[in-house]
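The values are calculated or read from the model by the stated rules, or taken from the named source; none is laboratory data. This is a predicted model, so every value here is computed, not measured. Don't worry about glycine lacking a Cβ; one is built from the backbone with ideal geometry, like all the others, and counts go over all protein chains shown.
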Amino acid sequence: MEKPWLAHYEDVVPHSMTYPTVPLHQMLEDSARRFPDNPAIHLVLRYLGPLTLGARLTYRQLMFEVDRFAAALTALGVRRGDRVALMLPNLPQFVIGFYGALKIGAIVVNTNPQYTGREIEHQFSDAGAETVVMLSYLYQRLQEVQPRTAVKRVIITDVPDYVPAPLNLLVKRTLQKQGLLVDVAPAEGVYHFRPLLNAHPEAPPLVQVSADDVALFQYTGGTTGIPKAAMLTHYNLVANTLQTRGWMATLEEGKERMMGAIPFFHVYGMTVAMSLGIYIAGELVLLPNPRPIENVMKTIHREKATVYPGVPSMYVGIINHPNVRQYDLHSVKACISGAAPLPMDVQIKFGEITGGRLVEGYGLTEAAPVTHCNPIYGERRKGSIGLPFPDVEARIMDYETFVEKPAGQDGELWLRGPQVMKGYWNKPDETAKTVTEDGWLRTGDIARVDADGYFYIVDRLKDIIIASGFNIIPREVEEVLFEHPKVQEAVVAGVPDMYRGETVKAYIVLKPGETATPEEIIAFCKERLAVFKTPKYVEFRSELPKTMVGKFLRRVLVEEEKRKLGQ
């Protein structure tokens with residue numbers, strides 16, 4: 001396919017870059033060497049008048065803690081290639097655990113702290129995770145399933161661990177009252193984060209980590225099926241960090257303040273907030289709990305954050321908040337929105353309020369994750385995910401013939417670039433279906449490209465629901481619904497939601513003679529699924545739309561909801 005738009009593209013963003021073959025943690029080491037006394041982490045828990053309840057670490061201090069954690073893991077028997085699961089919100093411990101594990105060649109397994117025991121069991125068993133870093137109140141959840149996993153080391157940490165005294169006592173009492181901090185009794189294989197690090201002040205052993213080594217197991221539904229681990233190498237993650245840096249060319253090293261409001265256990269937050277922030281030696285302003293959205297506005301106002309990666313629901317929440325004018329948000333320079341479509345109206349209104357530039361991007365876990373974005377300071381087009389990132393090849397392919405289609409026609413979006421995953425862990429058949437022999441990633445998304453090279457997502461071949469940036473696999477929710485003794489048939493779909501982009505709705509046919517309420521079904525799901533996966537709406541039907549062979553027509557249900565909303 002000819003690319004007449006390339007000259008226009010070169011005027012706006014770089015087309016090609018060089019990617020060093022180094023491990024991801026070298027970015028932190030380089031920043032700590034160049035800017036040792038610059039602030040690296042600023043944890044914001046709460047504001048008490050002029051006082052900030054939280055914690056701060058310079059790059060020198062962060063590097064020291066990372067080295068101690070790496071040494072501690074080694075002393076516990078963790079070796080190159082072993083899996084270390086991080087089940088944490090955005091805390092200093094996440095950053096320390098992430099880079100410390102990588103430094104000794106371990107593979108990080110990002111885990112959502114909202115996961116139920118059932119979900120933990122699947123992920124830890126599949127990954128072969130032997131070491132877990134988690135908050136104390138989550139430990140009981142793990143204990144219930146630990147015998148059915150490979151986990152043999154649990155490192156307990158809590159929010160106050162990096163809050164200086166005496167304010168750490170205030171934080172501890174508050175969390176204890178809320179049930180978010182509990183005492184974990186001493187036991188074999190159970191360790192506590194700060195005492196463990198204090199016992200290992202020595203430098204960690206030098207481990208040769210290759211750029212081609214797997215750095216991360218990031219779980220995703222992919223195009224079909226239950227969650228599986230995308231194997232992302234150090235090179236994949238370094239490349240995507242540098243691609244994002246190239247796209248945001250005006251960022252100044254050692255001067256930016258990066259909002260860490262989207263979770264780092266999500267691949268988008270991990271790359272575009274944490275990794276990029278570390279690479280440019282910026283200050284990571286961590287918000288473990290960005291809800292309500294006023295917490296974000298207050299933090300931008302107080303900390304003068306300059307970069308704010310987020311998801312559409314966050315920006316929608318800000319522009320529609322009744323108190324938005326009470327906060328000065330003009331420190332924000334740029335925002336890349338990912339994980340769901342971002343209306344142009346939201347982009348414009350956010351810019352009017354902040355003076356910053358908000359653009360829509362696109363990516364997927366299998367690509368570490370960002371592959372496209374509208375130019376930060378060039379033309380952004382309504383409904384478009386923008387242009388391909390540097391060194392990303394993008395094609396629109398016919399679904400059946402696999403022939404590239406011309407501009408203006410719909411087809412499946414295929415991608416190739418330095419950030420494309422190595423494959424799915426222990427799933428060669430799934431890998432073969434998703435990544436071609438010559439390295440093209442089949443996204444499962446229906447898209448088109450215009451004559452100037454701007455891409456548009458038309459629909460999804462896959463049925464994954466994206467709510468507030470989280471990927472939800474319908475089949476996983478449906479399997480829980482089928483466990484309910486009154487349910488005969490069930491199908492789950494993502495229906496339009498002004499705030500979350502999409503939300504989960506369950507359509508259910510009950511067994512003959514049974515009655516149930518939506519509240520009953522929702523409560524049943526809450527016991528077995530993370531909150532963001534639990535259906536928000538339940539509709540009972542006498543029958544569900546199906547194909548001739550009995551496959552549920554999920555898209556028919558979504559179209560019905562859109563018609564109800566006049567879309």
Practice problem: Select from segment 319-349 the residues that are over 26 Å from T371 (Cα atoms), modelled with pLDDT of 90 or more and not polar (S, T, N, Q) and list them in ascending order. | Solution: V324, R325, Y327, D328, L329, H330
Quiz item: When segment 165-210 is examined, which residues are found to be over 30 Å from N236 (Cα atoms) and of a type in the set (S, T, N, Q)?
Solution: N168, T174, Q176, Q178, N198
Quiz item: Does L196 satisfy the condition of being at pLDDT below 95 and more than 24 Å from H122 (Cβ to Cβ)?
Solution: no
Quiz item: Checking V531 against (1) loosely packed, with under 14 Cβ neighbours inside 10 Å; (2) farther than 29 Å from S313 by Cα; (3) at pLDDT 85 or above, which single condition isn't satisfied?
Solution: (2)
Practice problem: Taking F64 as meeting all but one of (1) in the same structural domain as F98 (by TED's automatic domain parsing); (2) modelled with pLDDT under 95, write down the number of the exception. | Solution: (2)
Exercise. Identify all residues within segment 382-408 that are surrounded by 18 or more Cβ atoms within 10 Å (Cβ to Cβ) and of a type in the set (F, W, Y); write none if there are none.
Key: F389
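Within segment 29-64, how many residues turn out to be part of a helix (DSSP H, G or I) and either of a type in the set (S, T, N, Q) or closer than 30 Å to M297 by Cα (or both)?
Number of matching residues: 7.
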Self-check item: Contacts under 9 angstrom Cβ, first residue in segment 8-22 being under 14 Å from G386 (Cα atoms), partner of a type in the set (A, V, I, L, M, F, W, C) and at pLDDT below 80, 6 or more apart
Solution: H15/L6
Quiz prompt | Among the candidates A490, A506, residue that is buried (at least 18 other Cβ atoms within 10 Å of the Cβ), in contact with a strand residue (DSSP E or B) (Cβ under 6 Å, 6 or more places away or on another chain), modelled with pLDDT under 90 and part of a strand (DSSP E or B) | solution = A490
Quiz prompt | Which numbered condition L138 fails, given (1) in a loop (DSSP other than H, G, I, E, B); (2) of a type outside the set (D, E, K, R); (3) closer than 30 Å to M421 by Cβ | solution = (1)
Practice problem: Report the residue count in segment 498-522 for those that are within 26 Å of the chain's Cα centre (by Cα) and either farther than 29 Å from V311 by Cα or not basic (K, R) (or both). | Solution: 8
Quiz item: What do you reckon, is P160 modelled with pLDDT under 95 and assigned by TED's automatic domain parsing to the domain that holds Q178?
Solution: no
Self-check item: Complete set of residues in segment 510-525 that are surrounded by 15 or more Cβ atoms within 10 Å (Cβ to Cβ) and either at pLDDT below 90 or under 25 Å from G117 (Cα atoms) (or both)
Solution: P518, I521, I522, F524, C525
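Listed here are the residues, each with its yes/no results for (1) assigned to a helix (DSSP H, G or I); (2) within 20 Å of the chain's Cα centre (by Cα); (3) modelled with pLDDT of 95 or more; (4) not assigned by TED's automatic domain parsing to the domain that holds T233.
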| site | (1), (2), (3), (4) |
| --- | --- |
| V109 | no, yes, yes, no |
| R118 | yes, no, no, no |
| A129 | no, yes, yes, no |
| M134 | no, yes, yes, no |
| P147 | yes, no, yes, no |
Quiz prompt | Of the criteria (1) touching a helix residue (DSSP H, G or I) at 6+ places or on another chain (Cβ under 6 Å); (2) of a type outside the set (V, I, T); (3) in a helix (DSSP H, G or I); (4) surrounded by fewer than 18 Cβ atoms within 10 Å (Cβ to Cβ), which one E479 fails | solution = (1)
Quiz prompt | Exclusive hit being in contact with a strand residue (DSSP E or B) (Cβ under 8 Å, 6 or more places away or on another chain) and among the basic types (K, R), set R60, R83 | solution = R83
Quiz item: Is it the case that Y99 is in a loop (DSSP other than H, G, I, E, B) and at pLDDT 90 or above?
Solution: no
Quiz prompt | Index of the failed condition, P39 passing every other in (1) surrounded by fewer than 18 Cβ atoms within 10 Å (Cβ to Cβ); (2) at pLDDT 95 or above; (3) in contact with an Asp or Glu (Cβ under 7 Å, 6 or more places away or on another chain) | solution = (1)
Exercise. Please work out which one of (1) crowded, with 19+ Cβ neighbours inside 10 Å; (2) among the β-branched types (V, I, T); (3) more than 28 Å from Q61 (Cα to Cα) is the condition V109 fails and give its number.
Key: (3)
Self-check item: Residue in segment 495-503 that is assigned to a loop (DSSP other than H, G, I, E, B), surrounded by 13 or more Cβ atoms within 10 Å (Cβ to Cβ) and of a type in the set (A, V, I, L, M) present
Solution: no
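Each row is one residue, and each column tells you yes or no for (1) assigned by TED's automatic domain parsing to the domain that holds N112; (2) without any contact (Cβ under 8 Å) to a residue 24 or more places away in the chain; (3) over 23 Å from F265 (Cβ atoms).
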site: E476; (1), (2), (3): no, no, no
site: P518; (1), (2), (3): no, yes, yes
site: K526; (1), (2), (3): no, yes, no
site: L529; (1), (2), (3): no, no, no
site: Y537; (1), (2), (3): no, no, yes
Self-check item: Residue within segment 242-254 that is buried (at least 19 other Cβ atoms within 10 Å of the Cβ), touching a Gly at 6+ places or on another chain (Cβ under 9 Å) and acidic (D, E) present
Solution: no
